[in-house]
Every structure is written in C-alpha cells, then in structure tokens.
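A quick write-up on the structure given underneath.
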2 protein chains.
Amino acid sequence: MTDAEVFSAVETLARNARAASYKLSQLTTEQKNEILKAMAAELRARTAEIVAANALDLAAGEAKGLAKPMLERLKLDAAKVEAIAHGIDQVIALPDPVGQVMEKYTRPNGMHLQQVRVPIGTIGIIYESRPNVTSDAAVLCFKTGNATILRGGSEAIHSNRAIADALQAGGENAGLPAHAIQLIPFTDRSSVSALCQMDKWLDLIIPRGGKGLIETVVSQARMPVIKHYDGICHLFVDKAADLDMAVKLTVNSKVQKTGVCNALETLLVHSAVAQSHLPTIAEELVEKGVELRGCERTRQIIDAVPATEEDWGTEYLDLILSVKIVDSLEEAIEHINTHGSHHTETIVTGDDAAATAFLSGCDSACVFHNVSTRLADGEEFGFGAEIGISTDKLHARGPMGLRELTSYQYRVRGNGQRKL
Amino acid sequence: MTDAEVFSAVETLARNARAASYKLSQLTTEQKNEILKAMAAELRARTAEIVAANALDLAAGEAKGLAKPMLERLKLDAAKVEAIAHGIDQVIALPDPVGQVMEKYTRPNGMHLQQVRVPIGTIGIIYESRPNVTSDAAVLCFKTGNATILRGGSEAIHSNRAIADALQAGGENAGLPAHAIQLIPFTDRSSVSALCQMDKWLDLIIPRGGKGLIETVVSQARMPVIKHYDGICHLFVDKAADLDMAVKLTVNSKVQKTGVCNALETLLVHSAVAQSHLPTIAEELVEKGVELRGCERTRQIIDAVPATEEDWGTEYLDLILSVKIVDSLEEAIEHINTHGSHHTETIVTGDDAAATAFLSGCDSACVFHNVSTRLADGEEFGFGAEIGISTDKLHARGPMGLRELTSYQYRVRGNGQRKL
C-alpha cells in the first residue's frame with residue numbers, strides 16, 4: 001500500500017471509531033457486562049481458529065529467524081487463549097467508573113453542578129509482540145465505554161486479527177456497536193504515523209512497548225500520549241534502617257522478578273550504616289546470582305564491579321544492581337530525581353520523619369516506606385487490572401486502571417441562570 | 001541569535017526551572033502566600049517602571065503599524081498594573097490543592113496507600129499580546145508549586161520582562177527560590193520550537209492564544225499540551241422549551257459578550273416549536289444588532305442570511321449567529337458532536353428526560369440545562385481563578401483552576417510488605 005492509501009484506510013477506521021464511541025458512551029454497565037460475557041464466550045469458542053492463526057505467525061517468525069524469547073512471547077495455545085478469556089471474566093467483575101459523580105455542589109445563583117466521569121472516547125493502542133494485549137487493552141477500554149483502534153506488531157498480525165475478530169463478532173451478538181474494537185488489519189509501518197495524525201478522531205494514544213516505539217509516537221503524535229517508560233527504581237537504606245528489613249526488601253525488589261518495570265535497579269545506602277548493613281545485603285544478593293556494580297566507596301566495603309556514570313541511568317531488567325553510598329537523605333533524593341525515571345522509590349527506615357521527607361521529596365509516581373518496589377502495580381493497589389504504569393504526570397500517574405481510562409464533563413442544571 | 005544559541009539558552013532556563021521546582025514543591029501554603037504578598041507589593045512598587053517599559057512596547061507597536069485593538073490590549077497604565085496586583089491578592093485567598101489526600105485506604109497485606117496532590121513540576125506558558133498573562137499565569141502556577149517558563153509575544157517583550165522581574169525579585173525577598181519564574185528574555189521565534197523539545201525538563205506546555213499558535217505547539221511538542229481551542233457553543237431550544245426562557249438564555253449567551261469562547265455561535269431549534277418560538281427569539285436578537293445566518297427551513301420562518309456549511313463550524317466571536325432547525329433531540333446532539341468544538345452546549349427545556357439525554361449525549365466539557373453558555377467559566381463554577389478552558393479530554397477538561405495545575409503521587413507506608 002502507498003502511504004496515502006494507508007493514511008486513508010486509517011482515517012476511515014478512526015472516523016468509524018468516533019461514531020462508535022458515541023454509542024458506547026450510552027451503554028449501561030449491565031449492557032457492557034453482557035457484551036463482555038459474549039466476547040469471552042466467542043474467544044473460547046474460537047480457540048482452535050485462534051491457535052491456527054497463531055501457528056501462521058509462528059511459522060513466519062521462525063522463517064524470519066525471530067529469537068526464541070520473542071517466539072515464546074508470540075506463542076498461543078489453548079491454555080493461553082483460556083487465560084485471555086479469563087481476563088475478560090475478571091474485568092466484568094470490576095466496578096464501572098463511568099457515570100460516577102466526582103463532585104456536586106450548588107452555586108450562589110442556584111445552578112447545580114456535577115462533575116461526572118465519562119469515557120475518554122477513542123483510544124489508539126500501539127503495541128508490540130504479545131497477542132494477548134489485543135484483548136487485554138481492548139476490553140479495559142470497552143469496559144470504560146471507549147472505542148479502540150489496535151495496532152499490534154506485524155509478527156503477530158494473524159493472531160491479533162483472529163482475537164480482534166472474535167471480540168467484535170462475539171460482542172455484536174450482545175449489542176456491541178459496529179467499529180467499537182478495530183484492529184488495523186495490515187502491517188505497513190506507516191500506519192503508526194497515520195494514527196499519530198488522527199487527532200480529530202482519536203482522543204489518546206497509548207504506546208505499549210519499548211523505548212523506540214514510545215519515542216516514535218511521542219515525536220509524531222498530535223493528540224495526548226500516555227507513556228509507560230522505564231522503571232529505574234531505587235531503594236534507599238536510611239541510617240535508621242532495620243538490617244533484616246533492608247535485606248528482605250532489597251532482595252524481593254531485585255530478584256522476585258527481574259524483567260519488569262517495578263524491579264529494583266539501584267540501591268542507595270546511607271554511609272552511616274554502609275559498614276553494618278551493606279555486607280549482609282550484598283551477600284544475600286550475590287547468593288541469588290545478582291551482579292553488583294558499585295561506586296568507589298561501595299567497593300571499599302564489598303566486592304563489586306566498578307559502576308560507571310551510565311549505570312545510574314540504566315534499567316537492567318536483569319540480575320544486575322547498581323549500588324551507591326550517599327551521605328544523607330537529601331543526597332539520596334537528589335540522586336533519584338536526577339538519575340531515576342520517576343517510577344517507584346522505596347525508603348527503608350524506622351524514622352517516620354525521614355520517611356515523610358523522602359516520600360514528599362521524590363518526584364516519582366510511587367513512593368514507598370518499608371515496602372518492596374515490586375508492589376507498585378495496579379493489582380496490588382487494588383485497581384483489579386491495569387493498562388500499564390504511567391511515568392507521565394498528566395492525567396494518569398503510576399498504575400493506570402479503569403478510572404484513568406475515563407475523562408469527565410461538567411453537567412450543570414439551572415432554571416434560567418444568566419451571566420450578569 | 002542562531003537557532004543553536006536559542007536552543008541552548010532555552011535549555012538552561014528549562015534545566016533551572018526543574019531545579020527550582022524541587023524547592024517549590026517543599027514550600028508550605030503559608031510560605032507561598034507570603035511570597036505572593038511580596039510579589040504583589042513589588043509589582044505595585046514598580047508601577048512606574050512597568051508603565052515606562054510598556055511605553056517602549058507601545059511606541060514600537062505604533063511604529064510597526066499594529067492595529068488599534070492590538071495596541072489597546074498591549075497597553076498598561078497604573079490602573080491596569082493595580083488590577084494585576086489585585087489578581088495576586090485574590091490568588092492568595094484561594095485554597096491550595098497541594099498536599100490534599102484524594103484517596104486513602106489499606107490493602108489486605110496491610111500497606112496503607114494515599115493518593116496525594118503534588119505540583120505538576122515545570123510548566124511552559126506560551127502566549128500572545130496581553131502582558132497581564134505574564135503575572136496571571138505565573139502566579140497560578142506558583143500557588144500550586146510549579147516553576148514556570150513564560151514565552152510572551154514579541155510586541156510585549158519590555159512589559160513582560162518588567163512584570164516577570166518584579167515577580168521574581170519581589171518573591172525572592174520572601175524566600176522564592178531562584179528560577180521559579182523565568183521569562184524567555186529574547187524574542188527569537190525559534191524559542192517556541194526549542195521549548196517544545198524540552199520534554200526532559202518541562203512537564204507541560206499551555207499555549208494561550210489563537211489557533212495558529214496552538215497548532216504550532218501541538219505539532220512540535222514532545223510533552224503534554226493542554227489546549228484551549230475555540231468555543232463553538234450551541235443552544236438547543238427543545239420542543240418542551242419555555243419561550244421566555246429560550247429568549248432570555250439565547251440573548252444572554254449571544255450578546256452579553258461576543259469575543260469570548262463561551263459565547264453562543266449556533267442556535268438549534270426543534271421543528272415542533274420553530275413557528276412558535278423562533279420569530280420572538282430572532283426579533284430580540286436582531287434588536288441587539290445580531291446578524292442571523294439560517295438554514296433553509298429557518299429562512300422560511302424568519303429573515304436570515306443563508307447559512308453555508310462553513311457557518312456550522314465557525315466561531316464568530318462577533319454579533320453573528322447561525323440558526324438551524326432540527327427534527328429531534330438526537331439530531332441536535334449529532335449536529336453538536338459533528339460541528340462543535342466540545343466546549344459548552346445548553347438545552348432549554350421543561351422536560352427533564354430530554355435534558356438528561358442531552359447532557360449525557362453531548363461530547364463537550366460543559367453541558368447545561370436551562371443555563372446561559374456564558375456561565376461556563378472558572379469563576380462562575382467557583383474555582384476562584386482559571387488559567388483557561390480546556391477543550392482537551394485528558395487531565396483537565398473545561399474550566400481549569402488550581403486543582404488542574406496539580407498532579408498526584410501514591411505514597412505507600414508499610415512494615416516490610418513484599419511481592420509474594
């Protein structure tokens with residue numbers, strides 16, 4: 001397809017999404033849940049077709065020489081399709097934020113205001129290889145009354161098409177408006193640029209993927225983008241830290257799972273307890289297979305590879321941890337605000353005043369006192385499901401659940417109020 | 001200056017703003033109010049200097065042949081400087097949203113979450129000719145703990161510099177951190193593009209000005225932008241509308257002030273009451289000097305210039321009103337969602353069910369029942385002050401007060417909670 005053909009095709013999808021969004025916004029929670037049930041049922045009914053479509057992607061991926069972990073992420077079997085359908089069951093059980101009255105009051109002139117949650121409208125989701133995102137993202141957006149346009153990775157095109165078709169077709173049996181869930185059905189790269197130009201029809205783009213993808217979208221998009229950048233998370237062992245807690249939280253934050261954005265990447269230790277605490281912490285980490293990269297003062301106390309300036313800004317997503325000794329709480333906060341990614345930071349301390357200063361001083365979405373960084377997560381926060389963890393400060397910050405997929409409007413009722 | 005020099009100068013300002021923001025976020029409300037008092041005092045003390053600086057701008061403007069209304073907007077005298085200072089007095093009296101706990105709860109594992117309002121951080125304001133914006137915008141951002149970089153119109157450069165200098169210098173006497181309020185001190189056009197690239201240091205840009213300025217910022221900015229586009233506001237006279245109320249609200253919405261975004265631009269009339277209501281409404285409007293542009297059916301009932309397709313999407317900001325007859329509430333909503341700018345819409349009706357359907361069907365920031373469109377305003381809504389009326393759906397929609405100049409963070413306290 002030529003770029004102009006891609007643009008025109010994407011524009012049609014976007015225009016149709018806007019029309020669908022006006023119907024979606026009028027559905028009741030009960031209607032939406034019935035539609036979600038029908039979507040889950042259709043996904044389950046089409047398991048064989050979805051797995052067959054996935055086999056085409058896997059064959060093409062192998063022929064192209066995709067790396068093993070990539071093929072692993074791409075692969076669907078009956079159990080994985082069931083897991084996707086079960087994800088829909090869980091979203092049905094979540095409360096619907098649409099229609100919630102956030103605030104209501106009456107002004108002196110008698111007009112009565114309500115600030116009411118409404119759907120955002122139309123959302124573009126641009127993602128990479130995992131085909132389960134097709135359903136997970138579309139379903140969260142649908143539950144909140146939003147129409148979606150999905151642009152998945154080219155290597156998963158057959159799987160994504162099969163899943164999106166099942167959702168839309170299954171939903172339509174239960175009253176889902178046409179064009180509520182649309183997948184861009186071709187793999188031309190210029191469809192990403194085209195989507196970024198659709199600000200008349202698309203209210204928001206959420207890129208879910210690596211830094212390169214997010215950068216591309218940020219530099220091209222005319223509409224708001226909610227970004228889920230790296231998690232360069234820190235744990236600070238304060239001078240008033242309990243050794244046992246410092247060890248347990250550091251180990252859990254670093255090794256419970258490494259390839260995730262809320263895993264620990266840098267350990268900061270107050271110089272007053274470096275001699276007493278650092279050796280035990282290091283010993284436990286090394287035992288779990290963690291490679292330590294330390295500042296000079298760290299290396300006077302424990303064995304560690306020398307850390308370079310680059311280490312302080314690196315999200316390893318691996319069994320590697322950078323370690324730095326600081327002389328004060330303030331130095332810890334400054335290091336975090338300078339080198340971090342504003343995601344999640346933890347202080348381990350028995351001193352409440354130090355904790356309060358740390359929490360209000362760190363410019364990050366999630367700031368914790370005596371809690372593992374791994375608990376920065378929509379499920380752990382009680383949101384039920386999340387579409388990601390936003391490193392932005394506007395609209396949604398931190399774990400982004402159903403509520404963050406809504407906007408609001410002011411509904412004002414009066415009896416003839418005029419401007420005087 | 002070369003573009004590279006501009007970029008480098010703007011980058012220094014932006015980096016300094018970020019550093020200042022970390023100090024601003026730690027100020028108490030009392031400290032901020034003391035600083036605001038000192039700013040207002042310094043503005044008043046420097047009245048003569050500010051008026052003298054403004055005289056330079058006026059002279060340059062006249063020499064360049066600026067139009068009269070433009071010169072009028074540019075002009076400052078002692079009374080206008082006093083009005084700017086009084087605006088600061090009013091912001092002192094407003095409640096500070098920073099530190100407010102939006103939500104708090106404890107999870108089953110015992111960790112306690114608080115979602116707390118915090119400053120956004122650093123905000124770029126790009127605006128056009130009115131020098132009072134320099135103070136109005138900076139002061140609202142400061143009250144909410146944000147550092148600002150101001151980029152005003154070149155024709156007001158001397159006035160803007162004098163005002164920004166007074167605010168920063170006055171504030172510093174009372175403890176304002178350096179670089180909290182910075183004006184770009186040169187007029188090179190490439191400073192706008194440079195600001196748009198500073199996403200590492202700037203969290204948000206708010207363009208305040210015409211469509212051209214907003215378009216430029218939207219297409220270049222890498223960080224979030226909150227847009228205040230046109231107000232193509234509608235009033236729908238439903239079939240159950242009281243004639244007297246329809247007349248009064250239409251007249252007030254259209255003629256109370258015309259050059260503002262919440263003024264009425266299109267009147268929609270239900271065909272069932274077109275014969276009975278439209279002539280009286282038209283008569284009153286024409287008496288106030290309003291030019292009517294009607295659809296064909298309108299012109300069978302009243303005198304009106306033929307409306308073109310373009311009229312339905314035009315913000316006149318003048319004594320002109322487009323008029324269209326529709327056959328149903330649904331048609332009115334569809335017209336509004338298709339041709340409007342998602343700003344403010346009003347239904348006049350005695351039928352509550354129709355009003356409810358209209359309010360939830362219109363995809364606009366402000367939806368009113370029996371209220372003049374002119375009341376879509378931060379002051380009227382009780383916000384005390386507004387930085388504008390957002391036509392965006394993300395983060396801030398409709399009148400944007402102090403609360404909308406904040407972000408939030410999750411502060412979580414525990415006693416060793418880990419991921420299981």
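The values are calculated or read from the model by the stated rules, or taken from the named source; none is laboratory data. These numbers were taken from a predicted model, which means no experiment stands behind them. Note: ideal-geometry Cβ built from the backbone for every residue, glycine included; neighbour counts use all protein chains shown. The accessibility values were calculated without ligands, DNA or RNA, using every heavy atom of the protein model including side chains. Shrake-Rupley method; radii C 1.70, N 1.55, O 1.52, S 1.80 Å.
Details
- Just one residue in the set B:ALA40, B:ALA67 is at pLDDT below 95, over 30 Å from B:GLN115 (Cβ atoms) and in the same structural domain as B:SER159 (by TED's automatic domain parsing); that residue is B:ALA67.
- Within the range A:247-264, residues that are more than 9 Å from chain B (Cβ to nearest Cβ) and of a type outside the set (Asp, Glu) have Cβ atoms under 6 Å from residues that are open to solvent by 20 Å² or more (accessible area, probe 1.4 Å) and in a helix (DSSP H, G or I) in these pairs: A:VAL247/A:THR280; A:VAL247/A:GLU284, counting only partners at least 6 apart in sequence or on another chain.
- Within the range A:399-420, the set of residues being open to solvent by 10 Å² or more (accessible area, probe 1.4 Å) and facing chain B (nearest Cβ under 7 Å) comprises A:TYR408, A:ARG411, A:ARG413, A:GLY414, A:ASN415, A:GLY416, A:GLN417, A:ARG418, A:LYS419.
- Test for B:ALA396: is it in contact with a helix residue (DSSP H, G or I) (Cβ under 7 Å, 6 or more places away or on another chain), hydrophobic (A, V, I, L, M, F, W, C) and open to solvent by 10 Å² or more (accessible area, probe 1.4 Å): no
- Against the test of being under 27 Å from B:PHE368 (Cα atoms) and either of a type in the set (Val, Ile, Thr) or open to solvent by less than 10 Å² (accessible area, probe 1.4 Å) (or both), the options B:VAL225, B:VAL218 yield a single qualifying residue, B:VAL225.
- Meets criteria (within 11 Å of chain B (Cβ to nearest Cβ) and under 23 Å from A:ASN146 (Cα atoms)) for A:ILE226: yes
- When the strands (runs of 3 or more DSSP E) confined to the range B:60-138 are screened for residues that are of a type outside the set (Val, Ile, Thr) and within 14 Å of chain A (Cβ to nearest Cβ), those reaching at least 3 such residues are found at B:101-106, B:112-119.
- Index of the failed condition, B:ASP363 passing every other in (1) more than 12 Å from every other protein chain (Cβ to nearest Cβ); (2) within 19 Å of the chain's Cα centre (by Cα): (1)
- Against the test of being open to solvent by 80 Å² or more (accessible area, probe 1.4 Å) and out of contact with any Phe, Trp or Tyr (no Cβ under 7 Å at 6 or more places or on another chain), the options B:LEU66, B:LEU56, B:LEU71 yield a single qualifying residue, B:LEU56.
- Among the residues of the range B:304-318, just one is farther than 12 Å from B:ILE232 by Cβ, surrounded by fewer than 17 Cβ atoms within 10 Å (Cβ to Cβ) and touching a helix residue (DSSP H, G or I) at 6+ places or on another chain (Cβ under 8 Å), namely B:PRO306.
- Filter result (open to solvent by 60 Å² or more (accessible area, probe 1.4 Å) and among the aliphatic types (A, V, I, L, M)) within the range A:284-300: A:VAL286
- Any hit, the range A:155-167, residues being under 24 Å from A:GLU34 (Cβ atoms), out of contact with any Pro (no Cβ under 8 Å at 6 or more places or on another chain) and surrounded by fewer than 23 Cβ atoms within 10 Å (Cβ to Cβ): yes
- Total residues in the range A:239-259, condition open to solvent by 30 Å² or more (accessible area, probe 1.4 Å), of a type in the set (A, V, I, L, M, F, W, C) and part of a loop (DSSP other than H, G, I, E, B): 1
- Verdict on A:ALA174 being under 30 Å from A:ALA60 (Cβ atoms) and of a type in the set (A, V, I, L, M): no
- For the range B:366-376, a residue qualifies if it is part of a loop (DSSP other than H, G, I, E, B) and more than 7 Å from chain A (Cβ to nearest Cβ), and exactly one does: B:ALA376.
- Failed condition for B:PHE383, given (1) buried (at least 21 other Cβ atoms within 10 Å of the Cβ); (2) under 30 Å from A:ALA365 (Cα atoms); (3) among the aromatic types (Phe, Trp, Tyr): (1)
- Tally, over the range B:277-318, of residues that are in a helix (DSSP H, G or I) and among the hydrophobic types (A, V, I, L, M, F, W, C): 6
- Remark: B:LEU375 falls outside the filter, which requires a residue to be of a type outside the set (Val, Ile, Thr) and over 16 Å from the mean Cα position of the chain (by Cα).
- Candidates in the range A:1-26 are the residues that are farther than 27 Å from B:ILE336 by Cβ and open to solvent by less than 40 Å² (accessible area, probe 1.4 Å); of these, the one that is nearest to the other protein chains (Cβ to nearest Cβ) is A:VAL6.
- Scanning the range B:188-246 for residues being under 23 Å from A:ARG397 (Cβ atoms) and charged (D, E, K, R) gives a total of 5.
- Selection from the range A:345-368 of residues that are within 20 Å of A:ILE281 (Cα to Cα) and either open to solvent by less than 10 Å² (accessible area, probe 1.4 Å) or at pLDDT below 95 (or both): A:GLU345, A:THR346, A:ILE347, A:VAL348, A:THR349, A:PHE368
- Residues that are open to solvent by less than 10 Å² (accessible area, probe 1.4 Å) and modelled with pLDDT of 95 or more, drawn from the range B:116-130: B:VAL116, B:ILE120, B:GLY121, B:THR122, B:ILE123, B:GLY124, B:ILE125, B:ILE126
- Any hit, the range B:377-390, residues being closer than 17 Å to B:ASN252 by Cα, of a type in the set (Val, Ile, Thr), within 11 Å of another protein chain (Cβ to nearest Cβ) and assigned to a strand (DSSP E or B): no
- From the list B:ALA246, B:ALA240, B:ALA274, the one residue that fits, being touching a strand residue (DSSP E or B) at 6+ places or on another chain (Cβ under 9 Å), closer than 23 Å to B:GLU309 by Cβ and in the same structural domain as B:SER341 (by TED's automatic domain parsing), is B:ALA274.
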